[in-house]
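Some notes on the structure that comes next.
Every read-out reported here was derived from the displayed coordinates using simple, explicitly stated rules and does not represent laboratory data. Please read these numbers as outputs of a predicted model, since none were measured by experiment. Cβ: placed from backbone, ideal geometry, glycine included. Neighbour counts: every protein chain shown.
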Amino acid sequence: MSDDRVSDDAPAGSPAAPPAAVGAGPVPRIEIVGDLAAAAPAWRELAEQGLGTPFQRLDWVSAWQRHVGTPAGMRPVVVIGRNARGAPAFLWPFAVGRAGPLAVARFPGCNHAGFGMGVWRPEAAAAVTAEEVARTLAAVARAEKIDVFSLERQPRRWHGMDNPFAGLPTTPSIDDVVGATFPPGDVEAVLAAVMTRDMRSRLRNKERKLAKLPGYRYLRAGDAAEAERLLTAFLAQKAAQFAAQNLPDVFAEPGVTDFLRTACREGVGEGMPAIELHALVCDAEVIAVMGGVADRRGFSCMFNAYTASENGRWSPGLVLITHIVADCAARGLTGFDLGPGAASYKTFFCREPAGLVDTLLPVSAKGRAGVAVLTGLRAAKRRIKASPRLLALVQRLRRAAGRSSGSSPDPSSA
């Protein structure tokens, strides 16, 4: 998870707030850092020796902050806890922005991130209590003038480590992530465990159709030009899909394309871009694309699309996932997921729910008054997603609004 590509062009909060005690525990000193470059040394050290999800990779967070977070008025606030030797014990990255009158701290990436959590040394995570986390967050809020922490898609456990944040008051996340843990063994053993024999047979038959196309092959982008080609194809395919559904193109929102382009291109030549691009291609076109973020343990999907041509008849998206699982297993990764949200195709490969949770933690008087509104909005969103009838009604209303105004709300908002 280590990377040197850090932008410090984001506006800083407090460059170094006064230390705040976690308690009489293993983390006696806290630093609050207002830019990513200043946090980078501790971040890199924890990336090598600690645990965090791929979405807490420094290069991924930096690309998002530079192109999406900062232009949207969100500033980085990074909390670093140090042990008695001065070594970093944990790092909590936040992006602080406005929600009406409230200053709200979220995990970086917001809806682009499949998971949100800090980066921890396992021994610190085992020793720090939820009460100590809450007390530290309150101290951070006072220093940074934060009203609410809105912390979404948190895993309760991560690679055998209990997440201390999950001990705060939580509710189930609206969209869970379902993943697959790879068993020991070679690539064939992993494929046999992840997919049923019937599904593998069906996808082999479909790929035989695709294999007749001149130049057909699977690839993972290995240089900037290849990454640019695949990303351009994905953006065009997804834009066409949204247009056909009369929905707005969420990837055309301000800064998002630049975020993806930076994250897909930088580091690709060294084999560790912030976002990997996997694809099925032939001489005539890019047939299917999936982008995701990986670390030394696992891979998490961020986005995918496939062609609207005749080649789309042969389930190229599912065939591509088979290749990605094999590639991850060959690289020694131990897990894989297809991102948040319910979709029937995901269960062909992933059947282990993460059980993600959200926390809305008010830390000021204004925050305590405003969190009731945020809680109500989140509850309404959950009810809509849980009811096929209500969800269909909302989607019809959005399409009607799109026809009358030429645009409609973000489809991920329900």
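Across segment 183-333, the volume of the C-alpha convex hull divided among the residues equals 115 Å³ per residue.
Karplus-derived 3J(HN,Hα) values for segment 226-231, using 6.51 cos²θ - 1.76 cosθ + 1.60 with θ = phi - 60°, are 5, 4, 5, 4, 5, 5 Hz; glycine and proline are entered as x. Taking the Cβ of Cys350 as the centre, find all other residues whose Cβ is under 14 Å away and add up their charges (Lys, Arg: +1; Asp, Glu: -1). Once positives and negatives cancel, what remains is -2. Highest average first, the peptides 265-271, 290-296 ordered by how many other beta carbon atoms sit within 10 Å of their residues are 290-296, 265-271. Normalised by the number of residues in segment 183-333, the average gap of Cα pairs under 8 Å and 6 or more apart makes the relative contact order 28 percent. Compared with the direct C-alpha span, the chain from Tyr345 to Ala225 gains 40.2 nm at full extension, assuming 0.36 nm per residue.
For Val178, what is the net charge nearby, where nearby means another residue's Cβ is under 12 Å from its Cβ and Lys, Arg count +1, Asp, Glu -1? Counting the neighbours of Val178, the net charge comes to -2. Computed from backbone phi with θ = phi - 60° and the Karplus coefficients 6.51, -1.76 and 1.60, the 3J(HN,Hα) list for segment 149-166 is 9, 10, 10, 9, 6, 8, x, 6, 9, 9, 6, x, 9, 5, 8, x, 5, 5 Hz; x is used for glycine and proline. One Cα centroid belongs to segment 233-295, the other to segment 120-139; the line between them spans 36 Å. The HN-Hα couplings worked out from phi for segment 192-208 by the Karplus form 6.51 cos²θ - 1.76 cosθ + 1.60 (θ = phi - 60°) are 5, 7, 7, 10, 6, 4, 5, 5, 4, 5, 4, 6, 4, 4, 5, 5, 4 Hz, whole numbers, x standing for Gly and Pro.
Counting only aspartates and glutamates at least 8 places from Lys206 when in the same chain, those with an alpha carbon closer than 18 Å to its own are Asp198, Glu285, Glu310. The H on the amide N of Gly179, modeled in the peptide plane, is under 5 Å from the matching H of Arg351, Glu352, Ala354, each at least 5 residues off or on a different chain. Near Ala365: Cβ cut-off under 14 Å, other residues only, Lys/Arg at +1 and Asp/Glu at -1. The net charge is +3. The mean sequence distance of close C-alpha pairs (under 8 Å, at least 6 residues apart), as a share of the length of segment 287-355, puts its relative contact order at 32 percent.
Estimated from the Cβ-Cβ distance and a Förster radius of 41 angstrom, the FRET efficiency linking Ala326 and Ala99 is about 0.45.
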